[in-house]
Amino acid sequence: MCGIVGYVGMQDVTDVLIDGLQHLEYRGYDSAGIAVFEEGEIRVVKSRGRLTDLIQRMEEEGKPSGTCGIGHTRWATHGEPSDVNSHPHGNESISIVHNGIIENYMAVKAFLEEKGYVFESQTDTETIAKLLDYYYTGDPLKAIRSVLAKIHGSYALGIIFRDFPGKIFATRKDSPLIVGVGKGENFIASDVPAILKYTRDYYLLEQDEIAELTADSVTITDVNGDILSKELMTADWDMEAAEKGGYPHFMIKEINEQPTAIVNTISPRIEDGVPHFHLPNLPDDTFGRFKSVQIVACGTAMHAGMIGKYLIERMARLPVNVEIASEFRYRDLLLDKDDLVIVISQSGETADSLAALRAAKEVGAHTLAVVNVVGSSIAREADDVIYTYAGLEISVASTKAYTVQVAVMYLLAIKFALARGRMTEQESAEFCRTLFDISKSMEAMLKDTHECQYYASKFQNAHSLFFIGRGLDYALSLEGSLKLKEISYIHSEAYAAGELKHGTISLISQDVPVIAVATQTRIYEKTISNVKEVRARGAKVLLICKQDAVVDPEVADYILRIPVYDDIFMPLMTIVPLQLFAYYTTILRGCDVDKPRNLAKSVTVE
Ligand code: AGP
């Protein structure tokens, strides 16, 4: 996902832009560039590759000097990573940076070519730059509004005009953009970490609002040009959250933050042993009215939803369907006001999840967002939102966000169970006490990770690896598999253990690695029999099970035992070794833990 930073103030703008872009590197990118007002002209330096390549280029060409400009890290969507496709795009009069996808860019490009424009790049962004040039007759806001009326798709735009040195213009639709407010300086950014060093105060730009920044002023207007007075937000993160805090990688830092994140997320919601969310459109006494729950999300968030399914169905006896957002959004939905659609998203900006939310609202379902980023699009568009308090999650591989999403699933399961007479308040209090206790056990587990490091070393050279499990262990296998493959690049597949014999077991041969997750006492023997099936065909097995599980030594090459809780609580224990296994395997393979290839922290494009 692209990153945008803009600055106008009294500091060296190039330093501020590069620093801001460095704090957006976690979003994933393949090229970078800046455009700076320098002696009344717009100076652009851009380069394929990392920010270090851009810095190198500036050393070769001379570092732009000024106090106003825009910067960008590009995650290629249209056109391969290259110098010419890097942002900013424009000409000597106008320069822009863009995050998003312009869906009608080919039609716009044809229109402009007819007007005599010649395109250099393969990007959709260049069409915006040239369309701005086409409409610009001296009034930037008028030109911007004309462009917004012509383009369709998603965009966050930073724009500068040579005729207006010391001014930055910004607008957005479906791609996030904030306006940072400092003293004698102002910013635009795709995300808070880019500006945390300078200010924690910011405005959230809403759809098609246009911001006009100078060093001393921020003016935000709507599509009609009316000036808006907006709420000034304050980031509750500090700079430390955007730094590694002594850890080698953000991922291991965030894995270690999980116990605190769980407590921070659940304790504000538990009053006298009972969860309360105080949702404006979903009062406590309405939790019992739903005939079904749909949980919709992508990737790791969807895996947290899978855990939620098992919890809500087991504790509240309420049907739950979990669906990938990119599928849900195009289905013919058979939902209505008696259905609750829960959209889970760390970033709150995932395009597929946002579209699924809108699709659910269109058919009249009640929508509840479970989101980590305050004020994000999904949070603002849902009927109700439960914020997770994981804090800033920088690593592309989501860990603490998953864990706190699961924690919220527990609270929701209790809520539905209480509302449906399936749980007493006393049982709820006991349940919540266990959740707090688990966060302590998690803390203890994280103090000694040598076993996970050892097992990672045994599987680091695998070409393909299977995770198997049943029930909650299957949902955990899905997450363990995603963690491993997305950062270590080892192909991995999670399989319902009972399903192996229906085809996939043909892939099991001598030394094929299988990680068997068997923490559910209720079906432990069933899972073990599946482990024996793969062992009989030569698989190399790591078994993850409860501390007190009885294990035939012949069943597994390696056994990783974890603290004992009732089956239903085990996901919050089991996820830790699965995350650590992926992390250490990745380290051993020398891959980029926090910025895996091809991935973005939040996929704000379809
Ligand atoms: C998780 O490790 C991945 N980075 C990815 O699957 C992520 O969970 C997914 O893109 C959803 O993101 P969101 O939670 O911000 O919506």
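A search for C-beta distances below 7 Å between a residue of the range 226-241 that is in contact (Cβ under 8 Å) with a residue 40 or more places away in the chain and closer than 15 Å to K253 by Cα and any residue that is in a loop (DSSP other than H, G, I, E, B) and open to solvent by 90 Å² or more (accessible area, probe 1.4 Å), counting only pairs 6+ apart in sequence or on different chains, returns M239/K197. Quick check on the range 303-338: of everything there that is in a loop (DSSP other than H, G, I, E, B) and under 28 Å from R522 (Cα atoms), which residue is least open to solvent (accessible area, probe 1.4 Å)? Filtering the range 303-338 for residues that are in a loop (DSSP other than H, G, I, E, B) and under 28 Å from R522 (Cα atoms), the one least open to solvent (accessible area, probe 1.4 Å) comes out as L318.
Is it true that some residue in the range 376-395 is within 9 Å of the ligand (Cβ to nearest atom), closer than 21 Å to P596 by Cβ, touching a Leu at 6+ places or on another chain (Cβ under 6 Å) and in a loop (DSSP other than H, G, I, E, B)?
First, pick out the residues of the range 376-395 that are within 9 Å of the ligand (Cβ to nearest atom): 376, 378, 393, 395.
After this cut, where a residue has to be closer than 21 Å to P596 by Cβ as well, the list is 393, 395.
Checking the rest, the ones that are also touching a Leu at 6+ places or on another chain (Cβ under 6 Å) come to none.
No, the range 376-395 contains no residue that is within 9 Å of the ligand (Cβ to nearest atom), closer than 21 Å to P596 by Cβ, touching a Leu at 6+ places or on another chain (Cβ under 6 Å) and in a loop (DSSP other than H, G, I, E, B).
Search the range 494-535 for residues being assigned to a helix (DSSP H, G or I) and among the aliphatic types (A, V, I, L, M), and hand back the single one that is nearest to S481 (Cα to Cα). Before the answer, list the steps.
Taking the range 494-535 first, the residues assigned to a helix (DSSP H, G or I) are 497-502, 504-507, 521-535.
Narrowing further to those that are among the aliphatic types (A, V, I, L, M): 497, 500, 505, 507, 523, 528, 531, 534.
Details: A497: 14, L500: 16, I505: 17, L507: 17, I523: 21, I528: 19, V531: 17, V534: 18 Å.
My answer is A497.
For the range 242-261, name all the residues that are touching a residue at least 24 places away in the same chain (Cβ under 8 Å) and acidic (D, E). Residues satisfying the conditions are E254, E257. Can you name every residue in the range 16-37 that is open to solvent by 10 Å² or more (accessible area, probe 1.4 Å) and under 15 Å from G6 (Cα atoms)? Correct list: I18, D19, Q22, H23, F37. Selection of the range 358-375 for residues being within 11 Å of the ligand (Cβ to nearest atom) and crowded, with 24+ Cβ neighbours inside 10 Å yields A369, V370, V371, N372.
Being part of a helix (DSSP H, G or I) and open to solvent by 10 Å² or more (accessible area, probe 1.4 Å) is the filter; apply it to the range 402-425 and report the residue that is farthest from the ligand (Cβ to nearest atom).
Taking the range 402-425 and keeping what is part of a helix (DSSP H, G or I), we get 402-419, 425.
Still in the running and open to solvent by 10 Å² or more (accessible area, probe 1.4 Å): 415, 418-419, 425.
Details: K415: 22, L418: 27, A419: 27, E425: 32 Å.
Per the criteria, the residue is E425.
The C-beta contact set for the range 327-356 (first residue of a type in the set (S, T, Y), second residue within 13 Å of the ligand (Cβ to nearest atom) and open to solvent by 20 Å² or more (accessible area, probe 1.4 Å), distance under 7 angstrom, 6+ apart or interchain) comprises S347/V373; S347/K601; T350/C298; T350/V603; S353/C298. Taken over the range 283-302, the residue count meeting the criterion of being assigned to a helix (DSSP H, G or I), open to solvent by 10 Å² or more (accessible area, probe 1.4 Å) and away from the ligand (no atom under 16 Å from the Cβ) is 5. Among the residues of the range 157-173, those identified as farther than 16 Å from T14 by Cβ and open to solvent by 10 Å² or more (accessible area, probe 1.4 Å) are R162, D163, F164, K167, K173. Taken together, the residues in the range 122-139 that are over 20 Å from A351 (Cα atoms), open to solvent by less than 10 Å² (accessible area, probe 1.4 Å) and not β-branched (V, I, T) amount to 4. Checked against (1) open to solvent by less than 40 Å² (accessible area, probe 1.4 Å); (2) modelled with pLDDT of 95 or more, S395 passes all but a single condition, namely (2). Residues considered: A600, A582. Of these, the only one that is surrounded by fewer than 23 Cβ atoms within 10 Å (Cβ to Cβ), within 12 Å of the ligand (Cβ to nearest atom) and within 19 Å of the chain's Cα centre (by Cα) is A600. P176: touching a Cys at 6+ places or on another chain (Cβ under 8 Å), outside any strand (DSSP E or B) and either open to solvent by 10 Å² or more (accessible area, probe 1.4 Å) or β-branched (V, I, T) (or both), yes or no? Judged against the criteria, P176 is not a match.
The values are calculated or read from the model by the stated rules, or taken from the named source; none is laboratory data. These numbers come from a predicted model, not from an experiment. Here Cβ is always computed from backbone atoms with ideal geometry, including for glycine, and neighbour counts include all displayed protein chains. These area figures cover heavy atoms from the full protein model, side chains too; ligands, DNA and RNA do not enter into them. Shrake-Rupley method; radii C 1.70, N 1.55, O 1.52, S 1.80 Å.
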